[in-house]
Every structure is written in C-alpha cells, then in structure tokens.
Amino acid sequence: MDERQFFTEKTESQPQSLSCPMCKQVADYQIRWIRRTKKPALPGGASAEDRMRFTKARDYMIRLDDMVSCSKCRKRIEINSKSVVLLE
C-alpha cells in the first residue's frame, strides 16, 4: 500500500522572510507547501505491515518551492531551509 493513501493532502502558502544575495533586500515571500494530515482510519485492504506503518505515521509538510524571484532585482533566491517539516 502506498504511503500517500494514509494521508489527506492540502496545498497551502505560508510567508517566509528571505534576503536576496545580490541586492541584500529582505522581503516576505509566499512559499507553497503540501500539508499531509493522517487519516482518522486505515484504508481497507491493508496488511499487518501497513497497519504498523499507519500507527507510526505523523502529520508533515513538504515544501514545493525551491526558488523565488527577488521583488526588487528579479534575481533568483534559493531557499535553503528544511524541505520537510514534521507537525505535532
């Protein structure tokens, strides 16, 4: 069973403050994320191994954007923060 069947996916945007390496301007940019929330119950047809994986599964977010363009000079800014964040 695929791990994505354990979760519901939702796309969202969150602001992040980034500094341009060229012009040194700091600005807030909307970064896109996928939020994967664990389903309340295991889907049907799951094996014993799938049940164990489901009990250990946690909510998490995956960052979709790796780069943004500077709002002043239009140079690309690479995002170096974590690409996967575990939620509690």
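Couple of notes before you dig in:
- Number of the exception - residue 32 against (1) at pLDDT 90 or above; (2) on the phi > 0 side of the Ramachandran plot: (2)
- Test: residue in region 2-25 that is basic (Lys, Arg) and at pLDDT below 90: yes
- Any chance residue 53 is exposed (fewer than 12 other Cβ atoms within 10 Å of the Cβ) and either at positive phi or part of a helix (DSSP H, G or I) (or both): no
- The condition (being out of contact with any Pro (no Cβ under 9 Å at 6 or more places or on another chain), surrounded by 12 or more Cβ atoms within 10 Å (Cβ to Cβ) and aromatic (Phe, Trp, Tyr)) is satisfied by just one residue among 29, 60: 60.
- Residue tally, condition in a strand (DSSP E or B), surrounded by 10 or more Cβ atoms within 10 Å (Cβ to Cβ) and charged (D, E, K, R), over region 63-88: 2
- Residue count, region 1-44 (criterion: under 16 Å from residue 69 (Cβ atoms) and assigned to a loop (DSSP other than H, G, I, E, B)): 6
- Search result, residues across region 60-88 that are charged (D, E, K, R) and touching a residue at least 40 places away in the same chain (Cβ under 8 Å): 72, 75
The values are calculated or read from the model by the stated rules, or taken from the named source; none is laboratory data. Because the structure is a prediction, the values reported are computed rather than measured. Glycine also receives a Cβ, built like all others from the backbone with ideal geometry; neighbour counts cover every protein chain displayed.
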